[in-house]
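Where a number appears in this text, it was derived from the coordinates with a stated rule and is not lab data. Note that the structure is a prediction, hence the values are computed from the model and not measured. So basically every Cβ, Gly included, is an ideal-geometry build from the backbone, and we count neighbours across all protein chains shown.
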Amino acid sequence: MVDKPRAVLVTGAGGFIGGHLVRRLLEQGKHVRAVDVKPAHKWDQRFSGAENITLDLQLLPQCRIAAAGMDAVYHLAADMGGIGFIENHKAECMLSVLISTHMLQAARDAGVSEFFYSSSACVYAADKQDRPDAEYLVESDAYPAMPEDGYGWEKLFSERMARHFAEDYGMHTRVARYHNVYGPHGAWQGGREKAPAAICRKVATAKLTGDHSIEIWGDGRQTRSFTYVDDCVTGSIMIAEGDYAHPLNLGSSELVTINELVDVIEDIAGIRLHRQYKLDAPQGVRGRCSDNTLIESVYGWQPSISLREGLTETYAWIEQQVARQLSLAPA
């Protein structure tokens, strides 16, 4: 008798990370139920091998439909975007708490054995990220709590909900704190894109149009680490299936300034641009990088795909999107 494939729900499956996660789980032979609020034709990626469903997971009855018959949940669904979006849509970001709490309730009631929650480095206190050379963030830095307003508070609250569902109901809950995930098949325009995608788009546009200038938000000296999506997916599955029950950083420890990020993308594109700095634009904290001591000690692993390697794949994909868009523009 052949064992039935493990049934896994991915919420936010129509989004960037969710689509890559669905692909990997299907490759592993899982039965995947992919759920998103967007109609299926608007998903970043959609796979015929998955059970693709459009549901509004802010509503508990729809969460019950999503969770029914599942062995595990990868909960990625949230209303979010890059720094420009989260600084100007704080209430919308916080309303994602409805998705998280209702999904936890539905998973508990359906007898789901494993629940993975995708949190964010935005849970960390702002005073630990107030200069470009700030200390790398360790998991304990989330407390005393003073996360990023709006989005960060929702993420930290939902982390606590997952913890208490484990304590009170015996659920196997796991939490990963994502650090600036990027890669192909994600938002690259429209306001929800993050820095790597935005800069790839700007560089590609400058290259293809001949307007060799680029606008950079802030002074370019703010620092970040950026995590390629393949590493994010690998780490998410490892954490979800692992024995460590507390939040873990899931991010690269390769720290760069935004100016250095632009340097790498310019090198990949084979172009040099004049930089114009928009100092009044949203730019987030001054410095943020993942300390990977804990995840390496627990699992003997940390993200390893270099920024240049990941950006090479990302830029190629975004340049294709820009070229297609420009070819459709009226002359």
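Where the centroid of each part is defined by its Cα atoms, how far is the stretch 132-167 from the stretch 60-89 in Å? The two parts, judged by their Cα centres, are 18 Å apart.
Taking label positions 7 Å along the Cα-Cβ direction at both W301 and L95, the computed distance is 3.6 nm, reported to one decimal. Along the Cα-to-Cβ line of Q320, 7 Å from the Cα, sits a label point; which residues in the stretch 201-216 have backbone N less than 17 Å from it? Counting backbone N atoms under 17 Å from the label point, the list is 201, 204-205.
Think of the chain as having a plus end and a minus end, set by charges on the Cβ of Lys, Arg, Asp and Glu; of A107, L307, F47, F47 sits farthest toward the positive end of this dipole. Once the Cα-Cα distance is subtracted from the 0.36 nm per residue extended length, the E241 to D267 segment shows a gain of 5.5 nm.
Within the listed set G84, G191, G210, the residue fluctuating most in the Gaussian network model of the chain (springs between alpha-carbon atoms under 10 angstrom) is G210.
Remark: relative contact order (the chain) = 17 percent; criterion is Cα-Cα distance under 8 angstrom and separation of 6 or more residues.
Averaging the Cα positions of each part gives two centres, and for the stretch 1-41 and the stretch 232-302 these lie 25 Å apart. When only the Cβ of Lys, Arg, Asp and Glu is charged (+1, +1, -1, -1), the dipole of the chain relative to its Cα centre reaches about 800 debye.
Charge tally around S290: other residues with Cβ under 14 Å, Lys/Arg +1 each, Asp/Glu -1 each, net -3. Each other residue within a Cβ distance under 12 Å of T312 adds +1 if Lys or Arg and -1 if Asp or Glu, for a net charge of -3. Across the stretch 266-291, the residues whose backbone nitrogen lies under 11 Å from the label position 7 Å along the beta-carbon direction of E215 are 276-282. The angle separating the long axis of helix 258-269 from the principal Cα axis of greatest extent in the chain is about 80 degrees. The Cβ shell under 11 Å around S100 holds other residues with a net charge of 0, Lys and Arg each +1, Asp and Glu each -1. Bridge orientation summary for the chain: considering DSSP beta bridges with both residues in this region, about 10 percent are antiparallel. This structure gives semi-axes √(5λ) of the Cα gyration tensor in Å, computed directly, and of [x] 36, 25, 24; [y] 32, 24, 21; [z] 32, 23, 18 that value is listed as [z].
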